[in-house]
Every structure is written in C-alpha cells, then in structure tokens.
Amino acid sequence: MTPDELKDALLRLPGAVEEFPFPRYPDVSVFKVGGKMFAISTLDEEPLSVGLKCDPELAVQLRDTHPEIIPGYHLNKRHWNTVRLDGDLPPDFVDELITDSYDLVVAKLPKRSRP
C-alpha cells in the first residue's frame with residue numbers, strides 16, 4: 001500500500017478528515033471522525049505504517065497472528081495497534097482493519113454527531 005492509497009482509504013470513510021495537530025511533528029497525519037481520532041500515520045516514513053484503534057481482545061489476537069501488527073507506537077497499547085504496510089498484509093485485510101477502527105470511534109460518538 002502506498003501513502004496515497006492509505007490516505008484515500010482513510011478519507012473515503014464518511015465524515016473522515018485529516019489534521020496535523022502536532023506543531024513539533026508536522027508530518028504526522030491524524031485522521032478523525034466527529035473530532036475523534038481513528039488513525040494516525042507519518043505518510044512519508046518507510047516502511048509505511050498506520051496506528052489503528054482496535055478492540056482489546058482482537059488487538060492481542062492480531063499481534064499474535066501477524067508479525068506486521070504490533071502494539072500501538074506512542075498510543076494506548078491496549079486499544080491501538082500499529083500496522084506495518086510493507087505489502088505482507090492483503091489490501092482487503094488492511095481495509096477491514098481501517099473500517100473496524102473507524103466503526104469503533106463512530107459507535108462512541110453521540111448519535112447527533114455520527115456521519
């Protein structure tokens with residue numbers, strides 16, 4: 001997955017926006033829905049990776065099953081995974097992880113704020 005493909009996959013979700021909230025780290029893209037983060041990535045880093053929210057039990061299973069998935073880097077490791085996008089994970093699976101992260105955040109938004 002390329003940085004452009006990742007960005008497109010994240011921004012195609014309803015209400016998703018990209019922000020750059022860290023002045024000290026202007027290359028860190030934070031993707032939000034309803035003002036809440038569902039993904040974070042430095043799109044120009046190699047290998048490309050993305051931090052995604054995950055159900056805690058599933059997060060552990062994914063880490064045990066896929067070496068490309070590790071506890072969230074600089075994130076709450078119980079609820080976040082960092083997913084390395086170096087081509088070893090199928091694109092459909094990565095899309096599923098992105099959608100799951102988005103859905104977890106949307107489910108916690110007040111109904112009036114949901115896209």
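Values quoted throughout were computed directly from the atomic coordinates according to the rules given, and no laboratory measurement underlies them. Everything numeric in this text was worked out from a predicted model, so none of it was measured. In this analysis, Cβ positions are derived from the backbone assuming ideal geometry, glycine residues included, and neighbour counts consider all displayed protein chains.
Using only side-chain charges placed at the Cβ, +1 for Lys and Arg and -1 for Asp and Glu, the dipole size of the range 3-106 relative to its Cα centre rounds to 600 debye.
Extension gain, ARG112 to PHE93, is 3.8 nm, computed as 0.36 nm per intervening residue step minus the present C-alpha separation. Can you compute the FRET efficiency between ASP4 and VAL60 using 1/(1 + (r/R0)^6), with r the Cβ-Cβ distance and R0 = 41 Å? Round to the nearest 0.05. For ASP4 and VAL60, the calculated efficiency is 0.85.
Spatially close Lys pairs in the range 3-106, defined by Cα atoms under 14 Å apart and a spacing of eight or more places or different chains, total 4. Which of the following values of Rg and Dmax of the Cα atoms in Å was calculated from the structure shown: [x] 13.7, 46; [y] 15.8, 53; [z] 13.3, 39? Matching the structure shown: [z]. The string of couplings for the range 33-39 from the Karplus curve (6.51, -1.76, 1.60, θ = phi - 60°) is 9, x, x, 10, 6, 10, 7 Hz, one whole number per residue in order, with x for Gly and Pro.
Seen from SER41, the other residues with C-beta closer than 10 Å to its C-beta sum to a net charge of -3, counting Lys and Arg as +1 and Asp and Glu as -1. Suppose R0 equals 22 Å; then what is the FRET efficiency for ASP86 and ARG24 from their Cβ-Cβ distance, rounded to the nearest 0.05? The computed FRET efficiency comes out at 0.25. For SER29, the residues whose modelled amide H falls within less than 5 Å of its own, excluding neighbours fewer than 5 places apart on the same chain, are SER41, THR42, LEU43.
Our note on the geometry: Cα centres of the range 8-40 and the range 75-98, 16 Å apart. When shorter helices are ignored and each DSSP H run of at least 4 residues is given -39500 (n - 2.57), the per-residue value for the chain at 222 nm works out to -10000 deg cm²/dmol.
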